[in-house]
Amino acid sequence: MTTPQGYQQFCPIALTSEILCNRWTTLILRAFFCGATRFSDIQKSAPNMSSATLSSRLRQLEQAGIIKRRPGQTSGASEYGLTESGRALFPILDEMGTWAQQWLRREIVADENLDPDVLFWELRQLTLLRGDRRKTRRVASFLLDGVPQKKRTYWIVFEPEDIEVCVKDPGHEVDIAITAHIRTLVEIWLGHVSLGAALERGAITLDGSASEIKAFSTWFMLSHFSKVGLNKHPRK
């Protein structure tokens, strides 16, 4: 697919760039790889992206044959899915994330990049993708430092059929309460520091029963990119 604003080159990199290098496009693809299928879910993965921009990018991806739209199974709203062409882009995004983990480690956890909405969105999506289902409800509360006042408190409600992220108290009994700086949570999530090391230095506290504290490390799933070692090509 070429556009009037394209590079007008036969170079495969140029042609791929015309599709992927528009602002927000790779983040929309990230949302698909995290299991998002609905417009609202995709938008939650990038809170600063406008609805108009998302609509435009989805149309472009559909025209390029990277995604396809279909009627929703449970509502009238459309759902989206990757085509074979779209799924083939995963190694590109995987390498982008791996490269950043190796060479942009400090920039990843810069203050302006630490949005808890994105962290909890990814945690929910990856947990749903893993397919774990509880027989009983679990409620985890988070009290965060280093964020605006309106983003200091979150609750994650694990139900047998779904997982909900709340910014207002859902009114359920809390099983485990987590207190930490947002940077600490992101560093644990990305594998920059271990949970044990963060607990040992008091950077994170877990308040709950012994079983719930033990379970935290199983449901607080680490990022796909946490597998990139801390000392593999670290940037000084």
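Every read-out reported here was derived from the displayed coordinates using simple, explicitly stated rules and does not represent laboratory data. All of these numbers come straight from a predicted model, not from anything done at the bench. Positions of Cβ are backbone-derived with ideal geometry, glycine not excepted, and every protein chain shown enters the neighbour counts.
Hey, could you get me the Stokes-Einstein D for the chain, Kirkwood radius over alpha-carbon pairs, 37 °C and 0.692 mPa s, rounded to whole µm² s⁻¹? Provide the component values of the computation, followed by the final result.
Values: Rh = 19.6 Å.
Rounded, D is 168 µm²/s.
Helix by helix through the chain, keep the DSSP H runs that span 15 Å or more along the axis on Cα and average at least -0.5 on Kyte-Doolittle, and give those back in order.
Sorted by number, the helices that extend far enough and score high enough are 90-103, 116-130.
Taking the simple approach of a point 7 Å from Cα along Cα-to-Cβ for both Asp162 and Gln8, what is their distance in nm?
Taking the simple label geometry, Asp162 and Gln8 are separated by 5.1 nm.
Using a 10 angstrom cutoff on alpha carbons, build the Gaussian network for the chain and name the most mobile of Ile213, Ile66, Ile13.
Per the Cα network of the chain with a 10 Å cutoff, Ile13 tops the list.
Can you report the principal axis dimensions of region 12-88 using only the alpha carbons, biggest first, rounded to whole angstrom?
40, 28, 20 Å, listed from the longest principal axis down.
Can you tell me the convex hull volume per residue for region 113-236, based on C-alpha atoms, in Å³ to the nearest whole number?
Per residue, the Cα convex hull of region 113-236 comes to 114 Å³.
How much mean residue ellipticity at 222 nm does the chain get from its helices, if each DSSP H run of length 4 or more adds -39500 (n - 2.57) and you divide by all residues, to the nearest 500 deg cm²/dmol?
So the calculated ellipticity at 222 nm is -12000 deg cm²/dmol.
Determine, from the Cβ-Cβ distance of Lys150 and Ser217 and an R0 of 30 Å, the FRET efficiency 1/(1 + (r/R0)^6), rounded to the nearest 0.05.
The formula returns an efficiency of 0.55 here.
Given the pairs Lys44/Lys68; Lys68/Lys135; Lys68/Lys150; Lys150/Lys227; Lys168/Lys214; Lys44/Lys135, which span a C-alpha to C-alpha distance of over 30 angstrom in this model?
From the list (Lys44/Lys68; Lys68/Lys135; Lys68/Lys150; Lys150/Lys227; Lys168/Lys214; Lys44/Lys135), the Cα-Cα distance tops 30 Å for Lys68/Lys135; Lys68/Lys150; Lys150/Lys227.
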